[in-house]
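The values are calculated or read from the model by the stated rules, or taken from the named source; none is laboratory data. Remember, predicted model here, so these are calculated numbers, not experimental data. Please note: Cβ atoms are built from the backbone with ideal geometry, for glycine as well, and neighbour counts cover all protein chains shown.
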Amino acid sequence: MSETFICLLLIIFMIIEEPITMATGYRILRANYTENFEIFCTEPDFFLSVTSTYSSEHKDRKWDFTCGSSSQISVSSKRSRCYWHGFSGIYDQPFKLECLKNGFMQGIGSIYSNHHKDRMWDYYCCFKDEYSVKNCYTTDQLNKYSEPLKYNIPDGYVLRGFNSSHHNIYEDRIYWFEFCKLITATSE
Ligand SMILES: *[C@@H]1O[C@H](CO)[C@@H](O)[C@H](O)[C@H]1NC(C)=O
Ligand SMILES: *[C@@H]1O[C@H](CO)[C@@H](O)[C@H](O)[C@H]1NC(C)=O
C-alpha cells in the first residue's frame, strides 16, 4: 500500500471516529448496568458529555460521562469547596437534584436496587469563591423510556442539576439536565 493510501485511510477513520467533544484530552467515566458507582471529574476538568443506554435484560441504564478540560474556563489555583449532598428521593418516584447558589456538580453517585429496578442518586457540589454561574438552562427531555440518551455539554458550561420521572412498566427513567455557564471575575 502506498503511503498516500494509508494516509487517506487514517483520515477517513478520523472522520468516522468523530470525537465526542473537541477537547484535547478527556477520559470516560463508565458505570455499567446495575452497578453502584461514584464518579468524579476534578479540576481542571469538567463534565463534557453524557450518554446512557438502557438494557431491558438488566432493567437499568449504563452511563458514560466524559470528563476533560474546557478551553473557556480559566482555572484558578484556589481549591474548590466540595461536598456530597447525600442520597435523597424515593425509588420509582420523580426527583429533582440541583446544586444551590453558585454550586456545580463535579461528581455523581448512584446505587441500584434490585427490588425496585431503579436507582437513587447522590451528587457532589463544588463551589469556588471567585466563580459564579449564569445563563442556566434546562435541556429538553433527553431520552424516551428504554431509548438511548446523549448530550454534549457546551464548552464553558457546567452541570448544575438533573431531574427525572420514572415509569413502572418500562422500569426506566426519562431525564432533563440543567447546565450553567461558569464565569470568573476575570472572564468578563
Ligand atoms: C457490563 O455488564 C455486562 C452485564 O452484566 C457484562 O456482560 C459486561 O462485561 C460488563 N462490562 C464491563 C465493562 O464491565
Ligand atoms: C424536569 O424539569 C423540566 C424543566 O423545568 C420540566 O419541564 C419537567 O417537567 C421536569 N420533569 C419532572 C419529571 O419533574
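Observations
- Some residue of segment 154-172 being more than 16 Å from ligand 2 (Cβ to nearest atom), within 11 Å of the chain's Cα centre (by Cα), modelled with pLDDT of 95 or more and under 19 Å from Y124 (Cβ atoms): yes
- Filter result for Y112 (hydroxyl-bearing (S, T, Y), closer than 18 Å to A31 by Cβ and in contact with a strand residue (DSSP E or B) (Cβ under 9 Å, 6 or more places away or on another chain)): yes
- Taking residues in segment 130-142 that are closer than 11 Å to K101 by Cα and basic (K, R), and partners anywhere that are more than 10 Å from ligand 2 (Cβ to nearest atom) and modelled with pLDDT under 95, the pairs with Cβ atoms closer than 9 Å and at least 6 places apart or on different chains are K134/L182; K134/I183.
- The residue that is farthest from ligand 1 (Cβ to nearest atom), among those in segment 15-38 that are over 14 Å from S49 (Cβ atoms) and modelled with pLDDT under 50, is I15.
- Restricting attention to segment 137-162, the residues that are assigned to a strand (DSSP E or B) and either over 18 Å from L48 (Cβ atoms) or among the basic types (K, R) (or both) add up to 3.
- Checking each residue in segment 118-136 for being touching a strand residue (DSSP E or B) at 6+ places or on another chain (Cβ under 7 Å) and either under 21 Å from C67 (Cβ atoms) or within 16 Å of ligand 1 (Cβ to nearest atom) (or both) picks out R119, W121, D122, Y123, Y124, C125, C126, F127, Y131, V133, C136.
- Here N135, N114, N102 are screened, and the one residue that is loosely packed, with under 13 Cβ neighbours inside 10 Å, more than 30 Å from E171 (Cα to Cα) and not charged (D, E, K, R) is N135.
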